[in-house]
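K.L.:
Okay, here's the structure, questions in a sec.
The values are calculated or read from the model by the stated rules, or taken from the named source; none is laboratory data. None of the values given here were measured: they were computed from a predicted structure. As a convention, Cβ positions derive from the backbone with ideal geometry for all residues, glycine included, and neighbour counts pool all protein chains shown. SASA here: full protein model, heavy atoms, side chains in, ligands and nucleic acids out. Shrake-Rupley method; radii C 1.70, N 1.55, O 1.52, S 1.80 Å.
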Amino acid sequence: MVAFLASTILSVVALRFIPVWVTPLMVIRCYQQLKEGRELRMSHNWVPLSDISEHMPMAVMGSEDAHFLEHHGFDFKAIEHAAKRNKKHPEKRKLGASTISQQTAKNVFLWPGRSWVRKGFEVYFTTLIELMWSKERIMEVYLNSIETGEGIYGVEAISRENWGLHAHQLSRERCALIAATLPNPRKFSSKHPSAYMLKRQQRIIHEMNYIEKHSKFNK
């Protein structure tokens, strides 16, 4: 237990300063590609938050976690809302309430899954990064580690792949379009968006307007 606590705390402290070049999900996806006989593909380009469009943090907050700057890792109102909705409509797709902090903890330190064991580790690592990292660092790691397409990870990689641009060149609309795919980036395309994606994009832009008026995010 002492060794576990020491190693995990040291890892979180180290990654407060060191770029996250590889995550467990990237390794798992590569293994899946090889197992299925597909071409091995992993596109990932780490860039500092200052080299990412100022619209991108607003877009992912509008899509994934509107109260990111206000909570301390867990949005209890969103959790309560999701629990009530899932109980009332069990036949529908489960509504999640994971914050950007939780998703960052999962992406960097854990594996995909829905078991209670993994969820427990997610709570633990989310608490650690909220205590030891700034909101800016959490956002920086998140934007560099999220899956944004088949074998594509991070905003810089998907920006180059789709439009031949660097992340700092992304427009407000393209940032919203990338954020619109995040529920399932291997299914939804930001390069060739469907009507559903364009509708989500407009909703996210509307949320961005509200967040920009009421929140401050210093890059």
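K.L.:
Distance check, please: which entries in K77/K213; K77/K119; K106/K187; K35/K199 exceed 29 angstrom between their Cα atoms?
P.N.:
Over 29 Å Cα-Cα: K35/K199.
K.L.:
Same structure again: Provide the gained length on full extension for the span Q202 to L10, in nm with one decimal, where the gain is 0.36 nm per separating residue minus the Cα-Cα distance.
P.N.:
That pair, Q202 and L10, stretches by 65.0 nm at full extension.
K.L.:
Report Rg (one decimal) and Dmax (nearest whole number) for the stretch 95-210, counting Cα atoms only, units Å.
P.N.:
Every Cα atom of the stretch 95-210 included, Rg and Dmax give 14.8, 41 Å.
K.L.:
Report the accessible area of K199, computed with a 1.4 Å probe over the heavy atoms of all protein chains in place, in Å² rounded to the nearest 10.
P.N.:
K199 has an accessible surface of roughly 150 Å² with all protein chains in place.
K.L.:
What's the center-to-center distance, using Cα atoms, between the stretch 1-76 and the stretch 108-180 in Å?
P.N.:
Taking the Cα centre of the stretch 108-180 as reference, the centre of the stretch 1-76 is 5 Å away.
K.L.:
Further question: Please identify, among R186, R114, R174, the residue showing maximal mean-square fluctuation in a Gaussian network model of the chain using a 10 angstrom Cα cutoff.
P.N.:
Ranking R186, R114, R174 by mean-square fluctuation puts R114 first.
K.L.:
Relative contact order of the chain, please, whole-number percent, based on alpha carbon pairs below 8 angstrom and at least 6 residues apart.
P.N.:
Once divided by the residue count of the chain, the mean separation gives 28 percent.
K.L.:
Please report the carbon-and-sulfur percent of the accessible area for the chain; probe 1.4 Å, protein heavy atoms only, DNA, RNA and ligands left out.
P.N.:
Summing carbon and sulfur atoms, their accessible area is 58 percent of the total for the chain.
K.L.:
With label points built 7 Å along Cα→Cβ from the Cα atoms of W163 and E150, find their separation and express it in nm.
P.N.:
2.3 nm
K.L.:
Okay, moving on. Report, by chain and number, residues whose modeled amide H sits under 5 Å from the one on T148, excluding near sequence neighbours (fewer than 5 apart, same chain).
P.N.:
Those qualifying (amide H under 5 Å, at least 5 residues apart or on another chain) are Y153, G154.
K.L.:
Using only alpha carbon positions, build the gyration tensor of the chain, then give the equivalent ellipsoid semi-axes as the square roots of 5 times its eigenvalues, largest first, whole angstrom.
P.N.:
24, 22, 20
K.L.:
Still on this structure: Quick one: what does P(r) look like for the stretch 103-158 with 10 Å bins over all Cα pairs, in whole %?
P.N.:
It works out to 24, 47, 28, 1, in whole percents.
K.L.:
Here's another thing I want to ask about it. Calculate one ³J(HN,Hα) per residue across the stretch 27-39 by plugging θ = phi - 60° into the Karplus curve 6.51 cos²θ - 1.76 cosθ + 1.60, and present them in order as whole Hz with x for glycine and proline.
P.N.:
The phi angles translate into 5, 4, 5, 4, 4, 4, 4, 5, 4, 8, x, 8, 5 Hz.
K.L.:
In Å², and per residue, what accessible area does the stretch 173-219 have when probed at 1.4 Å with the other protein chains present?
P.N.:
It amounts to 63 Å² per residue over the stretch 173-219.
K.L.:
What's the magnitude of the charge dipole for the stretch 109-219 around its Cα centre, counting Lys and Arg as +1 and Asp and Glu as -1 at the beta-carbon? Answer in Debye, nearest 20.
P.N.:
300 debye
K.L.:
Ignoring everything except DSSP H segments at least 4 long, calculate the 222 nm mean residue ellipticity for the chain; use -39,500 (n - 2.57) per segment, divide by total residues, nearest 500.
P.N.:
-17500 deg cm²/dmol
K.L.:
Order the following by accessible area, largest value first: T127, T104. Probe radius 1.4 Å; ligands, DNA and RNA are ignored.
P.N.:
Final ranking, largest accessible area leading: T127, T104.
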